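Accompanying notes for the structure given below.
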Amino acid sequence: MSDPVKSTKVYWAVFAALIVATFLTVAQSRMDIGHAANRIIGLAIACTKATLVALFFMHLKYEKRYFYPVVIFPLMLLLVIIFGNFPDVAFGEHTTPGVELGQPEGGHGRASH
């Protein structure tokens with residue numbers, strides 16, 4: 001198989017963009033702009049990085065048009081799963097009722113005999 005990209009400049013540019021996006025991810029994770037906003041921005045950066053990898057390093061940008069449904073359908077299912085769980089992850093309290101932090105579940109801080 002021959003590589004459709006004739007120049008390595010494209011790969012280096014995508015690699016640089018991925019490095020910048022990684023630094024953006026780290027910087028964004030240290031900011032506190034709200035729980036839901038942090039999740040949305042983090043997902044946007046991650047989706048951008050995944051798209052760059054799929055298009056250029058997996059050569060999907062250079063595939064025939066009939067190949068796109070094979071790629072897009074699983075991605076749509078993944079987005080349904082992610083955004084279906086998003087309200088619980090973004091707005092849930094993430095605690096089990098009756099369980100204190102640092103205590104094993106079921107023990108409620110007392111020794112069980």
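The table below lists the values:
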quantity	calculated
Residues L77 and I40, FRET efficiency given R0 of 22 Å [Cβ-Cβ distance, rounded to 0.05]	0.65
Segment 9-91 - convex hull of the alpha-carbon atoms, volume per residue in Å³	80
Stretch gain in nm, segment K9-T48, where the contour uses 0.36 nm per residue and the Cα spacing is subtracted	12.1 nm
Under the Karplus curve 6.51 cos²θ - 1.76 cosθ + 1.60, θ = phi - 60°, whole-Hz ³J(HN,Hα) for segment 76-89, x wherever Gly or Pro sits	5, 4, 4, 5, 4, 5, 4, 6, x, 8, 4, x, 5, 6
Those residues of segment 54-75 whose amide nitrogen sits under 14 Å from the label point placed on A17, 7 Å along Cα→Cβ	54-62
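Coordinate-derived values only; no laboratory data. Quantities reported herein were computed from a predicted structural model and do not represent experimental measurements. Because the Cβ atoms are built from the backbone with ideal geometry, glycine has one as well, and the counts that use them run over all protein chains shown.
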